[in-house]
1. Within the stretch 30-49, which residues are open to solvent by less than 20 Å² (accessible area, probe 1.4 Å) and either in contact with a strand residue (DSSP E or B) (Cβ under 6 Å, 6 or more places away or on another chain) or aromatic (Phe, Trp, Tyr) (or both)?
2. Would you tally the residues in the stretch 5-51 being closer than 13 Å to Trp195 by Cβ and not hydrophobic (A, V, I, L, M, F, W, C)?
3. In the stretch 67-86, which residues are under 20 Å from Asn12 (Cβ atoms), more than 18 Å from the chain's Cα centre (by Cα) and either open to solvent by 40 Å² or more (accessible area, probe 1.4 Å) or among the small types (Gly, Ala, Ser) (or both)?
4. Just checking, how many residues over the stretch 228-249 are open to solvent by 50 Å² or more (accessible area, probe 1.4 Å) and over 20 Å from Ile204 (Cα atoms)?
5. Could you pull out every one of the helices (runs of 4 or more DSSP H) wholly within the stretch 118-222 that has 1 or more residues that are touching a Lys or Arg at 6+ places or on another chain (Cβ under 6 Å)?
6. Filter the stretch 256-273 down to the residues that are over 24 Å from Ser80 (Cα atoms) and either in a helix (DSSP H, G or I) or touching a residue at least 12 places away in the same chain (Cβ under 8 Å) (or both), then identify the one that is most open to solvent (accessible area, probe 1.4 Å).
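The values are calculated or read from the model by the stated rules, or taken from the named source; none is laboratory data. The model shown is predicted, which means the values in this text are computed figures rather than measured ones. Every residue, glycine among them, receives a Cβ derived from its backbone with ideal geometry; neighbour counts consider all protein chains shown. In case anyone asks, the SASA skips ligands and DNA or RNA and just uses the protein heavy atoms, side chains included. Shrake-Rupley method; radii C 1.70, N 1.55, O 1.52, S 1.80 Å.
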Amino acid sequence: MLSYRHSFHAGNHADVVKHIVQSLILDALKQKDKPFVYHDTHSGVGRYDLQDERSEKTGEFKQGIARIWQRDDIPADIASYIDAIKVLNQGDELRYYPGSPKVARAQLRDQDRMVLTELHPSDFPLLLQEFRGDRQVRIYKEDAFARLKGSLPPKERRGVVLIDPPYELKHEYMDVVKAIKESHKRWATGTYAIWYPVVYRENIDKMLKGLEDLGIRKILQIELGVEPDTEERGMTASGMIVINPPWKLEGQMQAILPWLKEAIAPNHGHCKVEWIVPE
């Protein structure tokens, strides 16, 4: 099932949280000179035009990145993320939003590399076009988890895997758990960053329980909510589950999330940073 198009949702509150966490992990990896790999399982198209009819139809970016990118009190720790957005928007107009591959590419050094996978027949050629000629980027039109399994452990032995499926189908939540189980066997020291949407809270609870039951240590949950949970369909919150997070990430997000909540969802929002499984 390949009907999901991220262009309807680019730059929304969920993207903001996901890409801030992603940027902080990459910042941490860059503290050492040794090369690292960035592996993105569901890459999308790379960049999104916020004046596209799909983006304009939902206007979700107006309640996300549009509320923060030009504020004068932006936390210093999210500078890399904001810089990636400003690179695409030369001026004061917010026209483009970077997908996770572009957020990552803005931080790669000469010695680092990216592995991207995308199956959608419309998105894959756009992703290919975005990175055409870039020798540090490999792009595959393959099943995300099959490619991940075949790519681990990476030759660098350092890096991060971003896992952010669309969760169109209920079984995708447990597909993530299975992928982590297989991946961790091959590369136990890697950082795995799993994005999730809160549409029905029970799906997230089951996924968290599945991850906890794997016996893996150091699993951190980061979540920003914009509305209280509800039985009605619709994303009320989103978050990141990070396995083997950088040691500073917990404290950084404890400082950043309250600021984000006040900027994006001051009345009904919530935020939390909790260890699902401690060290």
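1. Phe36, Val37, Tyr38, His39, Asp40, Thr41, Ser43, Tyr48
2. 13
3. Arg67, Gln70, Arg71, Ile74, Lys86
4. Total satisfying the criteria: 2.
5. Here the list reads 123-130, 172-186.
6. Step by step, filter the stretch 256-273, then rank; the result is His268.
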